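The values are calculated or read from the model by the stated rules, or taken from the named source; none is laboratory data. Every value quoted in this text rests on a predicted model; they were computed, and no experiment measured them. So basically every Cβ, Gly included, is an ideal-geometry build from the backbone, and we count neighbours across all protein chains shown. Protein only, heavy atoms only, side chains kept; ligands, DNA and RNA dropped before computing areas. Shrake-Rupley method; radii C 1.70, N 1.55, O 1.52, S 1.80 Å.
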Amino acid sequence: MMRPYPGKNGMTLEKRIYNYRLSRARRTVENVFGILANHWRLLRRPIIANVPNAIKMVQAIICLHNWLRKHDVERETQYVTQDVADRSVVDGDIEDGSWRNNVDDYRAFRNIRCTQARAHSLRAANIREEFCRYFNEEGEVGWQNIQIYK
């Protein structure tokens, strides 16, 4: 699990870009899982199964989801409509998707409490620095700078 750089004041532009890109990646993962849970009840609560079976269940859901998405074009009623996922609006902000309206009903979406000290290891700090460098050099995308200055 990656952590953002703490604080807001005095943070370098590079660190702000890293935090923005990390936040955007987290939001993408939330969207994917939220859309899946919106359609597949099994994912709305903790899965009561041993780990190998739980893995197979999730893999089956993903295969079915992908198949349904692939065949959405041929169907009259879409499996996933445009309003379900979060989307960018004209000014670059993000509008919440409709799946977020049902999150309170999902017992599987619980906050995870910190289980150990908040300090991270030197190895984790080095990995974060590598990502920060990547996002600001070869992995840079044009829209990241627009969002940082908003």
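Take E95 and tell me if it is open to solvent by 60 Å² or more (accessible area, probe 1.4 Å) and either at pLDDT below 80 or out of contact with any Lys or Arg (no Cβ under 8 Å at 6 or more places or on another chain) (or both). So E95 does not fit the description; no. The residue that is modelled with the lowest pLDDT, among those in the stretch 120-136 that are open to solvent by 60 Å² or more (accessible area, probe 1.4 Å) and more than 12 Å from Y18 (Cβ to Cβ), is H120.
Sort out which residues of the stretch 81-92 are surrounded by 10 or more Cβ atoms within 10 Å (Cβ to Cβ) and either at pLDDT below 75 or among the polar types (S, T, N, Q) (or both), and write them in order of number.
To start, the set of residues in the stretch 81-92 that are surrounded by 10 or more Cβ atoms within 10 Å (Cβ to Cβ) comprises 81, 83-88, 92.
Scanning the stretch 81-92 gives T81, S88, G92.
Checked against (1) modelled with pLDDT of 85 or more; (2) closer than 23 Å to M1 by Cβ; (3) open to solvent by less than 70 Å² (accessible area, probe 1.4 Å), Y106 passes all but a single condition, namely (1). Among the residues of the stretch 8-19, are any among the hydrophobic types (A, V, I, L, M, F, W, C), surrounded by 15 or more Cβ atoms within 10 Å (Cβ to Cβ), more than 28 Å from R123 (Cβ to Cβ) and under 20 Å from the mean Cα position of the chain (by Cα)? Scanning the stretch 8-19, I find no residue that is among the hydrophobic types (A, V, I, L, M, F, W, C), surrounded by 15 or more Cβ atoms within 10 Å (Cβ to Cβ), more than 28 Å from R123 (Cβ to Cβ) and under 20 Å from the mean Cα position of the chain (by Cα), so the answer is no. Residues in the stretch 34-58 that are closer than 24 Å to R3 by Cα and open to solvent by 70 Å² or more (accessible area, probe 1.4 Å): none. Looking at this structure, is N31 in contact with a Phe, Trp or Tyr (Cβ under 7 Å, 6 or more places away or on another chain) and open to solvent by less than 90 Å² (accessible area, probe 1.4 Å)? It is false that N31 is in contact with a Phe, Trp or Tyr (Cβ under 7 Å, 6 or more places away or on another chain) and open to solvent by less than 90 Å² (accessible area, probe 1.4 Å).
Just a yes or no: is a residue in the stretch 32-54 part of a loop (DSSP other than H, G, I, E, B), farther than 29 Å from W143 by Cβ and touching a helix residue (DSSP H, G or I) at 6+ places or on another chain (Cβ under 6 Å)? Give the derivation first.
We begin by selecting, within the stretch 32-54, every residue part of a loop (DSSP other than H, G, I, E, B); these are 40, 45-50.
With farther than 29 Å from W143 by Cβ added as a condition, the list becomes 40, 45-50.
Of the ones still in play, those that are also touching a helix residue (DSSP H, G or I) at 6+ places or on another chain (Cβ under 6 Å) are 40, 47.
Yes, the conditions are met somewhere in the stretch 32-54.
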